[in-house]
Amino acid sequence: MKTDFKTDVRAYSNAGFKAIEIWLPKLKDYLTKGGSLSDAKQMLKDSGIEPIGACFQSGLMFPSGKTKEQVMREFSENLEICKYLEVPVLVIPADSVSPVEDKHYDEAISSLAEAVRLADRYGVKLAVEFLAKARFLGCLPTAAMLARKTGQKNVGILFDTFHFYCGISKIEDIDGIKGKEIFLVHLNDVAEKPREILTDKDRVLPGEGIIPLETIVKKLQNAGFSGYYSLELFNEELWNQDPFSAAKKCFENLEKLGENYES
C-alpha cells in the first residue's frame, strides 16, 4: 500500500508475475497525477502482465437517493476502466446495513441485478465478496445465494481464504459451490491467534500461518475451480520492505506453495 501503481507493475514483472489484480485506488491515483489509461495499458503490455481482476467497487447493494447517483457514477467509471484495460472481473465487497432484516437481502439482490446488467454492457463480470464478521454478508453460502438469485450469469463469488477462515463459513460449504460460480480467489494465510481477534493486519504469506490452505484449495479444485489465485495481504512488515524484494518474496512463496500442492 506504500508504493504507487507504476512501481507495483515494475515490481511484479521483475519478480516473475504474469498476471495481477489491479487495486483501483492506486490506479486512480496514477491517473489523477498525469497518467492515462492508454499509458497504463501500454505499461502492462510492455511488462508482460495481464490484468485479471480489479478491486474494488462498494455501495452497490443498498444505494439510494443522491448516494445512489454518486455510487453509480463511480461504478460506471470503474466499468469504463475495466473495459479499456480488458479487465474481466470487478470485485464487489459486502456492504453493511444495520439492523439486518430479511427484506435487505431482497433489496440487495434487486440492486445487484441492476448492477450486473450494467456491467454486462461493458463485458465485465462482478465477483461478490463475503467478509468475515460482516452482519449482512459474512459467509460463502450467502454470497452464493445473492449471486444466484440475481438470475444473471456474469455475477459470481470472490472467495477470500482469510474471510472464509475467520468468519462463519464452514469447510463443507465449499461442497455446495460449483467451480464456475467462483470468479477469483484471494489467497492468504493468518497468524496463530484466536479467531475472535484476528484482523486484516494479521494476514501472512500462504504457508506461514494456520489456515488449512491445502484442504481449501483442493476443495476448490474438486468443485471445478480452475481460475486465478490472487495474493492479497495487508501486512505492514511487507509494506515496509523494498517493493521489488517484497514482490520477489511473494512470487517465490507462491511457486513453492504450488509445488507442494501438486506433489
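Every number in this text was worked out from the coordinates using simple rules, so none of it is lab data. Worth saying up front: this structure is predicted, and the values here are computed from it rather than measured. Note: ideal-geometry Cβ built from the backbone for every residue, glycine included; neighbour counts use all protein chains shown.
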Once you list every other residue whose beta carbon is under 13 Å from the beta carbon of G123, what net charge do they have if Lys and Arg are +1 and Asp and Glu are -1? +2
If we count other beta carbons within 10 Å of each Cβ, what is the order of I22, I210, I92, fewest first? I210, I22, I92
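Only counting other Cβ atoms within 10 Å, I'd like D160, D173, D242 sorted with the fewest neighbours first. Write out the running numbers ahead of the final one.
Details: D160 25, D173 17, D242 10.
Least to most surrounded, the residues fall as D242, D173, D160.
Magnitude of the Cβ-charge dipole of the range 210-250, K/R +1 and D/E -1, about the Cα centre, nearest 20 debye? Display every interim value, and only then the final one.
Working: 4 positive and 5 negative charges, 55 e Å.
For the range 210-250, the charge dipole is close to 260 debye.
Quick one: dipole size for the chain, taken about the Cα centre, charges +1 on Lys/Arg Cβ and -1 on Asp/Glu Cβ, in debye to the nearest 20. Walk me through the numbers on the way to the answer.
Details: 34 positive and 40 negative charges, 120 e Å.
That gives a dipole near 580 debye.
Stretch E262-E86 to full length: gain in nm at 0.36 nm per residue minus the Cα-Cα span? Walk me through the intermediate numbers first.
On the way: separation 176, 0.36 × 176 = 63.36 nm, distance 3.05 nm.
Length difference between fully extended and current span is 60.3 nm.
In which sequence would V97, V9 go, from the one with the fewest C-beta neighbours within 10 Å to the one with the most? All intermediate terms of the calculation are to be shown ahead of the outcome.
Details: V97 17, V9 23.
In increasing order of surrounding Cβ atoms, one gets V97, V9.
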Dipole axis of the range 148-212 (+1 Lys, Arg; -1 Asp, Glu on Cβ), positive-most option in V190, G209, G167: G167
Spin-label model distance (nm) - E69 vs K218, 7 Å beyond Cα toward Cβ: 5.5 nm
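By DSSP, what percent of the beta bridges with both residues in the chain are antiparallel, rounded to the nearest 5? Show your work: numbers first, answer last.
Working: 2 of 25 bridges.
Around 10 percent of the beta bridges assigned by DSSP in the chain are antiparallel ones.
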Tally Lys/Arg at +1 and Asp/Glu at -1 over every other residue whose Cβ is under 14 Å from the Cβ of S96; what's the total? -2
Measure of size requested: the Rg and Dmax of the range 5-262, with Cα atoms as the atom set and Å as the unit; please supply both. 18.0, 51
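For S245 and I171, what is the calculated FRET efficiency with R₀ set at 41 Å and r taken between the beta-carbons, to the nearest 0.05? Each step should come with its number before you reach the end.
Working: r = 35 Å, r/R0 = 0.84.
Once rounded, the FRET efficiency stands at 0.75.
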Label-point separation (nm) for L31 and D106, each offset 7 Å from Cα along Cα-to-Cβ? 3.7 nm
